[in-house]
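Below is one structure, written out as structure tokens; comments come after it.
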Amino acid sequence: MYELKKKYKKHGGSLYAVTFSEKHNLLFTGGADKIVATWDLEKDENTPFSIKTDSAILNLQLLNNDKHLFIGLFNGNFHIIDLESKQEVKFFPYHKSGVFSSCYLSDKDLLFVGAGDGTLSIWDTKEFELLKNYKISEGKIRAIQSVGEDVFIGNSEGQIFKINLSDIGTAELFSAIEHAIYCFDYLPAKDSLLIGDKNAHLTALNIVSKKQVLSVAGHNWPIYGIAWLNESEFATCSRDKIVKIWDAQTFEVKQRLCFPEHKGHLNSINNLIAIPSKNALVSIGDDKQICVWGN
């Protein structure tokens with residue numbers, strides 16, 4: 001069973017973005033205070049390395065074997081930071097609305113970036129050159145997930161688009177659900193996209209048949225994040241201030257991590273990541289808190 005191991009609260013605003021570098025042994029967090037902070041989970045401390053930006057931080061993504069950090073901002077700009085030299089190597093004032101999502105394909109050296117105005121850009125991560133950009137829809141692109149040779153894009157209109165890597169210039173409407181999509185991941189057992197939506201449901205959409213094979217009421221409010229803990233368990237987080245641990249086979253809730261029972265978050269939980277090497281789950285939210293859970 002998971003329990004709260006550590007809690008950090010040094011940010012000055014709501015938190016939206018989190019990632020972890022195995023190579024550098026650092027947790028990165030960012031949000032409304034416009035600062036990317038770094039944390040050493042073994043030493044249990046905030047490190048001196050931080051990055052100041054000119055807009056709220058919505059998205060963090062590690063690139064190129066953790067050599068670079070991608071920072072997506074609310075104003076549509078994004079930065080590329082070299083984590084070895086700790087210097088900015090690229091700055092792109094590219095999108096005109098918030099960079100809500102990204103997906104990095106390490107074997108292809110490709111970065112997919114989704115924005116709040118429905119535009120998608122695709123970048124080569126070796127030279128940081130733009131390969132393709134187009135407007136997919138009017139809805140905010142909040143979720144991007146790669147499955148095999150396909151990349152799926154979900155937006156706030158409930159639409160799911162598919163791009164095959166053999167032709168990154170073409171995005172086709174794959175399917176749609178009734179509510180805005182906030183996050184998704186791949187569910188191997190059902191060969192499906194596992195979708196978290198505004199209506200607080202978890203939906204499994206089969207990639208071959210394009211049919212919903214499962215839909216359950218996951219939370220009380222929108223689901224903002226999904227993270228795999230291991231092959232048999234995943235976690236979700238929500239605006240309802242709760243982290244849930246799920247059995248991936250039965251879709252039964254094994255544990256609810258909330259306040260005050262587990263001394264967790266006081267407000268909306270906006271994102272989470274699993275760190276298997278440390279047997280840890282990290283959640284962040286509107287209460288400015290970083291909660292580290294372990295079992």
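Applying the selection to segment 178-235, what residues are of a type in the set (D, E, K, R), surrounded by fewer than 20 Cβ atoms within 10 Å (Cβ to Cβ) and in contact with a strand residue (DSSP E or B) (Cβ under 9 Å, 6 or more places away or on another chain)? Selection gives Glu178, Asp185, Lys190, Asp191, Lys198, Lys210, Lys211, Glu233. Looking across segment 256-272, just one residue is among the hydrophobic types (A, V, I, L, M, F, W, C), out of contact with any His (no Cβ under 9 Å at 6 or more places or on another chain) and either surrounded by fewer than 18 Cβ atoms within 10 Å (Cβ to Cβ) or not in a strand (DSSP E or B) (or both), and that is Leu266. So which residues in segment 253-283 are among the aliphatic types (A, V, I, L, M), within 26 Å of Ser215 (Cα to Cα) and touching a residue at least 24 places away in the same chain (Cβ under 8 Å)? Scanning segment 253-283 gives Leu257, Ile269, Leu272, Ile273, Ala274, Leu281, Val282.
One residue stands out among those in segment 177-213 that are small (Gly, Ala, Ser) and not in a strand (DSSP E or B): the one that is farthest from Leu229 (Cα to Cα), which is Ser209. Can you pull out every residue in segment 17-33 that is crowded, with 18+ Cβ neighbours inside 10 Å and touching a strand residue (DSSP E or B) at 6+ places or on another chain (Cβ under 8 Å)? Result: Ala17, Val18, Thr19, Phe20, Leu26, Leu27, Phe28, Thr29, Gly30, Gly31, Ala32. Of all the criteria given as (1) out of contact with any His (no Cβ under 8 Å at 6 or more places or on another chain); (2) touching a residue at least 24 places away in the same chain (Cβ under 8 Å); (3) surrounded by 16 or more Cβ atoms within 10 Å (Cβ to Cβ); (4) outside any strand (DSSP E or B), the one not satisfied by Leu58 is (4). If you go through segment 24-81, how many residues are out of contact with any Phe, Trp or Tyr (no Cβ under 8 Å at 6 or more places or on another chain), within 17 Å of Ala115 (Cα to Cα) and of a type in the set (A, V, I, L, M)? Residues flagged as out of contact with any Phe, Trp or Tyr (no Cβ under 8 Å at 6 or more places or on another chain), within 17 Å of Ala115 (Cα to Cα) and of a type in the set (A, V, I, L, M) within segment 24-81 amount to 1. Just to verify a result, which residue in segment 132-161, among those that are buried (at least 18 other Cβ atoms within 10 Å of the Cβ) and of a type in the set (Ser, Thr, Tyr), is modelled with the lowest pLDDT? Among those residues, the one meeting the criterion is Ser137.
The values are calculated or read from the model by the stated rules, or taken from the named source; none is laboratory data. This structure is a prediction, so every number in the text was calculated from the model and none was measured. FYI the Cβ positions are ideal-geometry reconstructions off the backbone, even for glycines, and counts take in every protein chain you see.
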